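Before any comments, here is the structure.
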Amino acid sequence: MLPEVPERALTELGRTEGGADTLALLVRDQDTRRLLLLRAVLDAAEAADPAVCPAALRARLREDWALLTEADRAAPADGRASPARARLIYPLTGPWARRCLRGLRGVAPTDSERRELAHDLAYFSAVAAVAAARAGISFTTPLTAREGRLALPSLGVLRTDDRNDTVVEVAHDKGVMTLRRPDAQDVIVHLERGTGAWSAALAWTSAYALPGLLPGAEPMPLDDLDPYRVPPREPDQYALSGPAAPDEAERKRWLQTWSGTAAVLRTGGDHRLTEALELLRCLVPLEMPPGADGRGSCSGTRREAFGALLSSAPATPVAFAATLVHEVQHTKLAALCEMVTLHQADPTARYFAPWRPDSRPYEGLLQGAYAHLALADFFQRRALTTVRDGRESAWAQHARYRAQVGAALPALVGSPDLTVRGRTFVDEMVAAYERMAEHPAPRGHTARARAYVKAVRALWTQRQTPAPPTNR
């Protein structure tokens, strides 16, 4: 049974905070849902029409699950998750599972859709093989390289010369993998602890991880290899940019920025560092947005990929810390909304959101206001504690974010679609907003922020007004 959300956790989250127990509650619930989702994929495969999932595919899924089960029994003595659990709860396993479920529940698939589903299900074999290797199990199994790539999650990617599907025999023994292909030299891969695997072969690209956010913390995967890491491009201006493949210079830039992020997070409150440590599981690098010229950025989270943060290369530790604060709030609220119904509003886009030019549905307004409230808190704390050089910038950003939240709160509070627990949550947001008035920003910053929001509202209002009819 999935856990209930106690009132204390709801109020903590409403303030954009969350103690250790509250964050652990969100993590446990998401991990449980992920395992149930994986079970749903297997059940859907068993129930699918043979035209959708042939008997051979179902048999391979059973073999992979048996290998995962064996790996799961090899739990580490230090209490960490078993290799199988670690792979199944990895954030990017979620998008893969959702995609498989859509394919398995399809009706009368085309030949192209059948091939895509077969490719997607074959990825589960790679997941099982990696989990078994991490658990120290010896095995030999055939895997399939698709379009010249065999992705082994957390280890790396084997690149082949053949753009067609290629069978690769994968053998593992005592931390060494041997990848065999017809008419090609064997590739020997040595597993490394945590993330990555070393090989002298040019055909192999190792997975990469940044150091832990704090000394002693687990390394943070910078995942530019997983085939399911970025959602399909959407035909609108707010779609995420495409996946990036950082070279050595760009990885160094990530490392330099990442290394200073923990200290910046702490200036905005210890809870900002704690929630990043507890909830963030991998980073996915994105291309720089067009025309950014090194100053812009692009970031996002995915509901189906709990713990993943997608971001273009961060410019500074302060900018990346703000990105973390922003996106972690979306992670927290999305996880909470799977446990608690906060509102019953329809998805019509009708609300003014001063951080976007278009109208937003109630859910979008709530998500945006919640993230901006945390940013207002973060920059106010920085303004009150930081050295002089960064203080004015922090006050300016605090004033802007607080003014934006203030413009959105009346619509959130006044909605008749809030549930009882949703009312508690939103009331805590209001209380957190009002407490910021105890340490107001300098008048100039406040005045400019209010003028900005007023101008944005005027532009939004103009777009909502229908054009007068014309006589022809």
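Key figures
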quantity	calculated
Filtered residues of segment 53-70 (kept if under 30 Å from the mean Cα position of the chain (by Cα) and aliphatic (A, V, I, L, M))	L57, L61, A66, L67, L68
Matching residues in segment 141-151 - criterion: being open to solvent by 10 Å² or more (accessible area, probe 1.4 Å) and closer than 21 Å to R193 by Cα	A151
Unique match (being touching a residue at least 12 places away in the same chain (Cβ under 8 Å) and buried (at least 21 other Cβ atoms within 10 Å of the Cβ)) among S154, S138	S154
Given (1) assigned to a helix (DSSP H, G or I); (2) open to solvent by 10 Å² or more (accessible area, probe 1.4 Å), index of the condition W355 fails	(1)
Test: residue in segment 233-249 that is part of a strand (DSSP E or B), open to solvent by 20 Å² or more (accessible area, probe 1.4 Å) and touching a Pro at 6+ places or on another chain (Cβ under 9 Å)	yes
Matching residues, segment 161-194, being open to solvent by less than 30 Å² (accessible area, probe 1.4 Å) and of a type in the set (S, T, N, Q)	T166, T178
Residue within segment 38-46 that is over 27 Å from the mean Cα position of the chain (by Cα) and either over 20 Å from M220 (Cβ atoms) or not in a helix (DSSP H, G or I) (or both) present	yes
Segment 421-440: number of residues that are within 29 Å of the chain's Cα centre (by Cα) and free of Cβ contacts under 8 Å to residues at least 60 places away in the same chain	2
Only listed residue being closer than 23 Å to L309 by Cα and of a type in the set (A, V, I, L, M), chosen from A334, A349, A345	A334
Enumerated helices (runs of 4 or more DSSP H) restricted to segment 80-134, each holding at least 1 residues that are at pLDDT 95 or above, open to solvent by 10 Å² or more (accessible area, probe 1.4 Å) and over 14 Å from A48 (Cβ atoms)	93-104, 111-134
Conditions (1) under 23 Å from E304 (Cβ atoms); (2) among the hydrophobic types (A, V, I, L, M, F, W, C); (3) in contact with a Lys or Arg (Cβ under 8 Å, 6 or more places away or on another chain): number failed by A81	(3)
Filter result for the condition that a residue is among the small types (G, A, S), buried (at least 17 other Cβ atoms within 10 Å of the Cβ) and either out of contact with any Phe, Trp or Tyr (no Cβ under 9 Å at 6 or more places or on another chain) or closer than 27 Å to G368 by Cβ (or both), over A47, A20, A9, A24	A9
Residue under evaluation T323, criteria (1) assigned to a loop (DSSP other than H, G, I, E, B); (2) touching a Pro at 6+ places or on another chain (Cβ under 8 Å); (3) open to solvent by 20 Å² or more (accessible area, probe 1.4 Å), criterion not met	(1)
Residue, nearest to E147 (Cα to Cα), within segment 195-208, restricted to residues that are assigned to a strand (DSSP E or B) and open to solvent by 30 Å² or more (accessible area, probe 1.4 Å)	T205
Qualifying positions in segment 373-405 - open to solvent by 10 Å² or more (accessible area, probe 1.4 Å) and of a type in the set (F, W, Y)	W395, Y401
Residues of segment 422-451 satisfying the condition of being out of contact with any Gly (no Cβ under 8 Å at 6 or more places or on another chain), within 18 Å of L365 (Cβ to Cβ) and open to solvent by less than 80 Å² (accessible area, probe 1.4 Å)	G422, V430
Condition met for V157 (aliphatic (A, V, I, L, M) and farther than 23 Å from R62 by Cα)	yes
A55 being modelled with pLDDT of 95 or more and out of contact with any Lys or Arg (no Cβ under 6 Å at 6 or more places or on another chain)	yes
Segment 267-315: number of residues that are in a loop (DSSP other than H, G, I, E, B) and either modelled with pLDDT under 95 or not hydrophobic (A, V, I, L, M, F, W, C) (or both)	23
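The values are calculated or read from the model by the stated rules, or taken from the named source; none is laboratory data. Everything quoted here is computed from the prediction, not taken from an experiment. No Cβ is skipped: glycine too gets one built from the backbone with ideal geometry, and neighbour counts run over all protein chains shown. These accessible areas exclude ligands, DNA and RNA; they are computed on the full protein's heavy atoms, side chains included. Shrake-Rupley method; radii C 1.70, N 1.55, O 1.52, S 1.80 Å.
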